[in-house]
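No value in this document is a laboratory result; all are computed from the given coordinates. Owing to the predicted nature of the structure, the values given are computational and were not obtained by experimental measurement. Don't worry about glycine lacking a Cβ; one is built from the backbone with ideal geometry, like all the others, and counts go over all protein chains shown.
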Amino acid sequence: MRLRRFVLVGINLALLAAFWPLADELLSVDVSDPVAYRPSSHLPPAFIPWPEQPDLERPLFRNGPPPSEHDDPPPTVDSRPTIRLLGITLTNERRVAMIEINGLTLRIEEGGDVNGWQVTQIEPRKIRLENSEQHVDVLLDPPADTR
């Protein structure tokens, strides 16, 4: 560490000695003298207009009244989450599960909430999710050597 400091100090001293003769010339430039002072040749970037956006074929927002009861009802979707159980950690103090939902990996503890579903149980090979109407058990994939 000490050798590194000596080398860096030596390099700084060498640079100082090399540029010392130029210091007076660089610091004594008179800005009012048009020959000594030249404006920079760097120009600011040219203004680039935002490209025109195509007209949308449909409006983004609905202007009319809300849909009536006579319209086709929306298709019913299974409200159960699609969850993949990646791993479980059990200690005396905590129970934690690693899950994947729509490509997003989350760490959730027992009693935690996932998209409106509460994690009520974390066991060695499964977790239980419950909402007000139903419950779902998510199993850990079997080990690779038993497949």
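Whenever a residue of the range 92-112 is within 14 Å of Lys126 (Cα to Cα), its partners that are outside any strand (DSSP E or B) and of a type in the set (Asp, Glu), lying with C-beta atoms within less than 6 angstrom and at least six residues away or across chains, give the pairs Arg95/Glu110. For the range 96-134, which positions are of a type in the set (S, T, N, Q) and over 22 Å from the mean Cα position of the chain (by Cα)? Scanning the range 96-134 gives Gln118, Thr120, Gln121, Asn131, Ser132, Gln134. Taking the range 105-147 as the range and being in a strand (DSSP E or B) and either among the hydroxyl-bearing types (Ser, Thr, Tyr) or touching a His at 6+ places or on another chain (Cβ under 7 Å) (or both) as the test, the residues that pass are Thr105, Thr120, Arg128, Leu129.
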